[in-house]
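For reference, the structure discussed in these notes is given below.
The values are calculated or read from the model by the stated rules, or taken from the named source; none is laboratory data. Worth saying up front: this structure is predicted, and the values here are computed from it rather than measured. For neighbour counting, all protein chains shown are included, and Cβ atoms are generated from backbone atoms with ideal geometry for every residue, glycine included. These accessible areas exclude ligands, DNA and RNA; they are computed on the full protein's heavy atoms, side chains included. Shrake-Rupley method; radii C 1.70, N 1.55, O 1.52, S 1.80 Å.
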Amino acid sequence: MVSSRGGVLPMKIVYTCSYAYPSISGVWTRVENLAKEFSKRGHEVHVLTSNLIAGTDKTAEPYEFYEGIHINRFPVKIKLSKYQLIFTGKEFDKTLKDINPDIIDCQTYRHNEAKSALEYSLNNKIPCILTTHAPFLPVEVRGRKLSFLSKVYDWFIGKNILKKYSKVFRISNWELKYLLDLGLEQEKIIYSPNGVPREFFKIKIEKTKNQAILFLGRIEPRKQVHILINAFAKINKKYSNSKLYLAGPIENVENYENTLKKIIAENELEKKVIFLGPVYDLSKKIDLINSSQIYVLPSTWEGFPQSLIEAMSLGRCIIGSDCEGNMEVLDDEKTGFLFKIGDVEELAEKLEYCLSNNTTEVEQNAKLLAEKFEWGKIADKVEKVYQELI
């Protein structure tokens, strides 16, 4: 495939994933950014996904042309879990056939839509890639029952399915061991992390000491927002101007919203902890991060935390839990600050340190690291792999 644009001819690219716009999810964020980038480059991009809007009972229209991306949505027939949705069938297969893609990139390991897309690719002799999105969750996150079922799937089904993909993109370094243990050949595995929109690097960074602390993401138990609120309660009185902003949709798993509001009430933080709701607009997201002094990601688990990279790109002071995904980009006291997962006292200590000390050098190091993850650079490498396979 050769053309005047850097030796690349337009491709028809299909992505499969559980959720798409207007949902917020780490998987969709990757698909959305790559799809927008490839659409600008003249490629035709289609997304095959469910019609559910993540974290709600609402559904979206069957088809939408969103910022250069063809989004094809299918009704969910069975909802096994929040992310395990079965929406494939005759209409899904017909849509794939009508699109007639040059390449498919499946964003969901162990999911039915990835299986259907892989079968289509094998039958029609077109390349099919799997992007893992770090599905190897620890038992503390997934639970004993689901962890057992996942391991059974991996060893008796997944091992054979993985080998059928043309390539496997891993978004993090720590996944490599799991994939090799499942028998995947190393030459099939390509490191392709999540990225940051180039708009983040065009913004004039505003250094601030306003004592504003930000969390940005889905508000759910796995993100450990309750740990952050409890830690904030410990330092709030000393830093009278401090405020904690929680931006993102609340997924009321296990009545989580009430749990958070109870902690806030018990510590008399109603005027100090502010729920901002979901932030969809990119410019608003940038403004929000840029107007905060500290960004905190206290999760029990992260695959490759895009929000962390985004905050680093804007020169924020970063605090993250010591889960594997966070530790890929946070080097303690060099590009950010780490605390033990679930440790309220240590998080409070890190918050106090960052509010009381000059962290400029750490923030500058973080920004330099984040520049490696600009989406355009990630897309260049992904596009090259697509072209080589086609």
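In region 71-112, with Lys and Arg counted as +1 and Asp and Glu as -1 at Cβ, which of these residues, 111, 84, 72, has the Cα nearest the positive end of the dipole, that is, farthest along it?
84
Might you tell me the accessible area per residue for region 3-46, computed with a 1.4 Å probe and given in Å²?
Numbers: 1420 Å² over 44 residues.
In whole numbers, region 3-46 has 32 Å² accessible per residue.
Beyond 25 Å between alpha-carbons counts as too far, so tell me which of 238/262; 77/285; 125/159; 36/381; 237/261 fall in that bin.
Beyond 25 Å: 77/285.
By per-residue mean of other Cβ atoms within 10 Å, what is the highest-first order of 175-182, 193-200, 339-346?
Packing proxy ranking, top to bottom: 193-200, 339-346, 175-182.
Distance between Cα centroids, region 317-381 to region 136-182: provide it in whole Å.
If we compute the Cα centre of each part, the gap is 27 Å.
For labels at residue 345 and residue 84 in the simple 7 Å Cα→Cβ model, what's the distance in nm?
3.9 nm
Would you mind checking the tilt of helix 375-389 against the longest principal axis of the Cα atoms of the chain, expressed as 0 to 90 degrees and rounded to 10?
Between helix and principal axis, roughly 20 degrees.
Can you compute the charge dipole magnitude of the chain about its Cα centre, using +1 on each Lys and Arg Cβ and -1 on each Asp and Glu Cβ, nothing else charged? Give it in debye, rounded to the nearest 20.
500 debye
Among 232-238, 157-163, 29-35, how do they line up from the highest to the lowest mean number of other beta-carbon atoms within 10 Å?
Ranked by mean Cβ neighbours within 10 Å, highest first: 29-35, 232-238, 157-163.
Need one value: the accessible area of residue 291 in square angstrom, 1.4 angstrom probe, rounded to the nearest 10.
Answer for residue 291: close to 60 Å² accessible.
Of all accessible surface on the chain at a 1.4 Å probe, what whole percent is carbon and sulfur?
51 percent
For region 294-341, report the accessible area per residue in Å² (1.4 Å probe, heavy atoms, rounded to an integer).
23 Å²
Of 48, 329, 190, which is farthest along the charge dipole of the chain in the positive direction, counting Lys and Arg as +1 and Asp and Glu as -1 at C-beta?
Positive-end residue among those listed: 48.
Given 205, 225, 148, which one lies farthest toward the positive end of the charge dipole of region 127-275, if we put +1 on the Cβ of every Lys and Arg and -1 on the Cβ of every Asp and Glu?
205
In whole angstrom, how far apart do the alpha carbon centroids of region 248-311 and region 52-98 sit?
Their Cα centres are 27 Å away from one another.
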